[in-house]
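What follows is a set of notes on a single structure, which appears directly below.
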Amino acid sequence: LACSHHHCAFPVSRNELCVWNTATAQPLYLSGHHYSISALSFGSKTNPLLVCSASHECVIVWNLDECTQKVQEGFTPRGIVIATLLGMVLHIRFSPDDQQVAVCAGNQIYMLSAKNEAILAELDGHLAPVTAAEFCTWEKSMLISVSEDRTFKARKLYLIIFNFLNLKVWNYSTSQIIYQSGIITAFPLLSLLIDEENKQIITGCAEGQLWIFSLISDHNYRCIAHIDLKKEQEKFCNKVWKSGKEIGEGQNNSKLCKTDNMRPEGSVETSLPILLIERCDFFVCFHNEENTYSSQNTSYFWIGTSTGLLIINLANFELEALLSYRDYSDLSIRIAGSCALTRKAANGKVLCLITSMFEDMIAVLEVNLPALVRTQHSDSLPCGNEKSLSVIASSYIFPFLSNIINVFCKLNYFPTGVRSTVKNKPLVFHNKIKSSGYTAAPRMAMFSPNINLKKKEASEWKTSCKCKNKEYPLESYPPSKYEKEISVSCKPTPIFCVQYSGDGEMLACGQADKTVLIFNSKLSDVHNVFSG
């Protein structure tokens, strides 16, 4: 699925593309694929507006203005085939200038020209299918990608332009991986978004976990936040449920909180795959409100999951609103397989396109964002024409406050017992305090050992000391006799450190392959092995 400002694109009959204009409600049908369409994306610019569709056998770029004109003239619209036989395509993304297209097929990313059939570069490095890729808008040569191998990579693309007879030829000759993350989670990474304002990347996995990494050069891609959407959703539902009397029992969010908190026996708890991360025009929807409950410098994002839509506040990483599909009886889709949102709201409303995970079904939702947020934040947002008044002090308040207190004291306004409640008391409340020993005579016999030990106890004490004491005798010469050699690994592996235990009974050996071997003191047997 794909959504633009006023257009929604989705496959019809598997291999036919339908582009629906939300302003005129006119559908445009485009034919050219022979296999099922697996990925869609709109271009970054609106004039001309491009849409790219991909299937197993080809990737096609459509110019919607030209296609609409062809249909009006009675001709069949045609697109430009820019690649063939790339395999299963999971994601498509246009470059910021709509000149190139990044196609994620299998473990590779193909950089294609948007104007003709040409593969500019093949980017590899992932060990599993690449699920999403995004261009960095403030640094056009950077591409971020996430994969089912649970890592993300940042690449630097080197673009070479050849001028031949006034013809520009684009060629991504080389690419360099400037950062490769470790394994972030135990579940595949599914979605990705680059936050231009804060220079961050936001990625989500198949188990409802959200990670935010910094793209500022000095931060070295460090993790800023980790959000568990399941916990945040439960916390948000509890908060709304407590204020349910004010919201009203007929609201959908009250029903949502009841179903989340009181699960009947035998119910199915689904995972929370993050299918979409998109920007939210939060304050644009509230432009008619005189007062809002949050700062206008805060960024908000839509999170599309298999069970509903969420709005995340990046200032405190908490939920601001929640829409669950199952709370609407008119909606036949309960679990979504994919979703898309319009990037900008029109009259405070956002269009959401979702498909069913188990059926060939597509639904279009019109989400009234102000109404959704207002019903779930009735105690914070202003209602109707109600206005609030905030007064800011024009001068330093503490000298003025101290003068008032002095006047009240002179007028005996305070009760008489208030100022005499705390009496002068010593820090120690005991009648007798034990002396520290300054006046006592010095002790002459500091220590007297017990030498009246029985023979049996003495022998046991000596044998136990011999077993535990492994220190080298000071009067002996340094060790020079070669005694034993053991192999700790089947292949040459550096040994970084060795350490005896406190009682000298075991020896720990740390190796370069991230393993620790525990030997007994005679080095005759491996007691334990720790890896990782």
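The values are calculated or read from the model by the stated rules, or taken from the named source; none is laboratory data. These numbers were taken from a predicted model, which means no experiment stands behind them. Glycine gets a Cβ as well: all are built from the backbone with ideal geometry, and neighbour counts include every protein chain shown. Note: accessible area is taken over every heavy atom of the protein model, side chains too, but ligands, DNA and RNA are not part of it. Shrake-Rupley method; radii C 1.70, N 1.55, O 1.52, S 1.80 Å.
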Can you tell me which residue in the stretch 1-25 is nearest to A345 (Cα to Cα), limited to those that are assigned to a loop (DSSP other than H, G, I, E, B) and of a type in the set (G, A, S)?
S4
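Output the residues belonging to the stretch 124-135 that are at pLDDT 90 or above and crowded, with 17+ Cβ neighbours inside 10 Å.
The first filter runs over the stretch 124-135 and keeps only residues at pLDDT 90 or above, leaving 126-135.
Once the filter is applied, which keeps residues that are at pLDDT 90 or above and crowded, with 17+ Cβ neighbours inside 10 Å, the stretch 124-135 yields H126, P129, V130, T131, A132, A133, E134, F135.
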State all residues of the stretch 40-57 that are in contact with a Pro (Cβ under 8 Å, 6 or more places away or on another chain) and not in a strand (DSSP E or B); if no residue qualifies, say none.
S44
Answer with yes or no whether T68 is touching a strand residue (DSSP E or B) at 6+ places or on another chain (Cβ under 7 Å), in contact (Cβ under 8 Å) with a residue 40 or more places away in the chain, open to solvent by 40 Å² or more (accessible area, probe 1.4 Å) and in the same structural domain as L190 (by the TED database).
yes
Output the residues belonging to the stretch 1-16 that are at pLDDT below 90 and either of a type in the set (F, W, Y) or on the phi > 0 side of the Ramachandran plot (or both).
S13, R14
Any chance the stretch 301-309 includes a residue that's under 27 Å from G337 (Cβ atoms), touching a Pro at 6+ places or on another chain (Cβ under 6 Å) and at pLDDT 85 or above?
yes
All but one of (1) crowded, with 16+ Cβ neighbours inside 10 Å; (2) within 32 Å of the chain's Cα centre (by Cα); (3) farther than 23 Å from G304 by Cα hold for P96, so report the exception by its number.
(1)
Which of the following residues is under 30 Å from E148 (Cβ atoms), surrounded by 19 or more Cβ atoms within 10 Å (Cβ to Cβ) and free of Cβ contacts under 8 Å to residues at least 60 places away in the same chain: L85, L112?
L112
Output the number of the condition that A336 fails; it satisfies all remaining conditions of (1) modelled with pLDDT under 90; (2) buried (at least 18 other Cβ atoms within 10 Å of the Cβ).
(1)
Considering the stretch 306-331 alone, what residues qualify as being of a type in the set (V, I, T) and under 17 Å from T375 (Cβ atoms)?
I311
Look through C237, C280, C285 and report the one residue that is within 25 Å of A340 (Cα to Cα), touching a helix residue (DSSP H, G or I) at 6+ places or on another chain (Cβ under 6 Å) and at pLDDT 60 or above.
C237
For residues in the stretch 71-82 being touching a strand residue (DSSP E or B) at 6+ places or on another chain (Cβ under 6 Å) and over 13 Å from Y29 (Cβ atoms), which is surrounded by the most Cβ atoms within 10 Å (Cβ to Cβ)?
I82
